[in-house]
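For reference, the structure is listed below as structure tokens.
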Amino acid sequence: MQRELRLDGVGRRYGLRGPWVLRGVDLSVPPGALVRVEGTNGTGKSTLLRLLAGIDAPTEGRVTGRPRTAYVPERFPPALPFTAAAYLTHLGTVHGLSRRAAARAAGQWLDRLGAAGYASTPLARLSKGSSQKVAVAQALLAEPELLVLDEAWTGLDTDARAELERAVAERTASGGAVVFVDHDPSRLAGAPDAAYTVRDGTLHRRTEPAGAPAGPRVAIRVRGPAGAGLPADVVRIAASAEESGPGRYDLTVPASHSDVLLRTLLTARPPWHVVSVHAQEGPR
Ligand SMILES: Nc1ncnc2c1ncn2[C@@H]1O[C@H](COP(=O)(O)OP(=O)(O)OP(=O)(O)O)[C@@H](O)[C@H]1O
């Protein structure tokens with residue numbers, strides 16, 4: 001993602017004389033950022049996410065710098081006359097993939113989310129949880145520069161929830177931005193670069209962790225090629241990095257991001273040696 005998505009003085013109301021749901025919203029989402037949006041029911045979180053996703057336009061203000069965006073809505077359109085695989089393949093081509101690449105990506109994402117067995121099932125016959133997996137897969141398959149997730153974890157089983165957390169870590173590690181709303185305060189705990197609360201019709205940046213648990217972390221000790229600095233992708237994913245000797249580092253990372261960090265270390269050129277990995281309980 002090259003550009004920063006910016007909202008300047010954005011407001012949205014429904015209908016000509018409807019009350020303002022949001023007003024005076026200024027927000028920038030830089031490449032690689034993981035942004036959490038919070039707020040009590042009906043405050044305008046989904047309204048904000050639809051504006052960020054580009055499927056709705058502001059009543060006033062400007063949205064600039066839109067990157068290639070994908071969106072998991074709070075409610076997924078249900079009864080379309082396609083099988084899961086055909087629907088995802090079609091959407092992949094809409095996102096610019098060749099038919100063959102789209103079919104491959106559709107299969108891979110259904111598999112990662114534990115829904116490969118439903119590839120040939122018509123969307124209308126999928127359970128709520130399986131539909132949600134298709135909703136998530138359609139957003140991930142084109143590797144968007146900006147991923148907008150509105151309660152995307154709701155309805156997923158444990159494995160699929162963890163897979164979606166990993167997918168978020170992969171997107172931000174490769175320079176994409178992710179904006180999410182989730183009712184679980186421990187979702188991606190410790191990982192967001194910024195958190196905002198929608199309150200009184202506008203957006204407030206949260207500076208304090210405000211009761212959100214910092215979450216479990218993983219401590220990883222690594223050794224690199226002599227004299228090498230940490231690869232940039234590793235620096236981006238790690239929560240902290242301390243040099244303990246020449247080419248040796250002690251890293252910590254939110255647990256949701258540890259797989260992606262380990263993979264990044266092991267696939268670096270030249271690869272880094274992982275000396276030890278320890279789970280830590282996050283500070284409460
Ligand atoms: N399409 C629409 N037409 C009219 N009013 C709408 C529309 N979408 C949202 N609203 C109103 O805007 C306000 C904010 O709704 P929104 O869904 O953005 O809030 P939310 O914080 O996401 O809520 P929740 O946590 O319940 O999902 C609500 O009063 C809602 O009724």
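Taken together, the values in this text are just the output of simple stated rules run on the coordinates, not laboratory data. It should be emphasised that the depicted structure is a prediction, and the values quoted were computed from it without experimental measurement. Here Cβ is always computed from backbone atoms with ideal geometry, including for glycine, and neighbour counts include all displayed protein chains.
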Seminar exercise, completed: Largest fluctuation, 19, 271, 185 only, Gaussian network model of the chain with Cα springs under 10 angstrom, belongs to 19
Exercise. How big is the charge dipole of the chain about its Cα centre, in debye rounded to the nearest 20, if each Lys and Arg gets +1 on its Cβ and each Asp and Glu gets -1 on its Cβ?
Worked result: 600 debye
Problem set entry | Candidates 262, 80, 16, ranked by Gaussian network fluctuation over the chain, Cα under 10 Å, top entry | 16
Exercise. Going toward the positive end of the dipole of segment 133-243, with +1 on Lys and Arg Cβ and -1 on Asp and Glu Cβ, which of 195, 138, 148 do you reach last?
Worked result: 195
Exercise. Using the scaling law 2.2 N^0.38 Å as the reference, what is the normalised Cα Rg of segment 179-284?
Worked result: 1.24
Seminar exercise, completed: Label model pair residue 57, residue 243: point-to-point distance (7 angstrom along the Cα→beta-carbon line) in nm is 5.2 nm
Problem set entry | Percentage of interatomic Cα-Cα distances in the chain larger than 23 Å | 57 percent
Exercise. How long is the gain from residue 128 to residue 20 if the chain were fully straight, where each residue apart is worth 0.36 nm and the alpha carbon distance is subtracted?
Worked result: 35.6 nm
Problem set entry | For peptides 146-155, 232-241, sequence by mean Cβ density within 10 Å, most packed first | 146-155, 232-241
For this session: Go ahead and set up a Gaussian network model of the chain, Cα springs under 10 Å, then flag whichever of 60, 74, 163 fluctuates most.
Result: 60
Exercise. For the residues 278, 95, 273, what sequence is obtained by ranking on other C-beta atoms within 10 Å, fewest first?
Worked result: 278, 273, 95
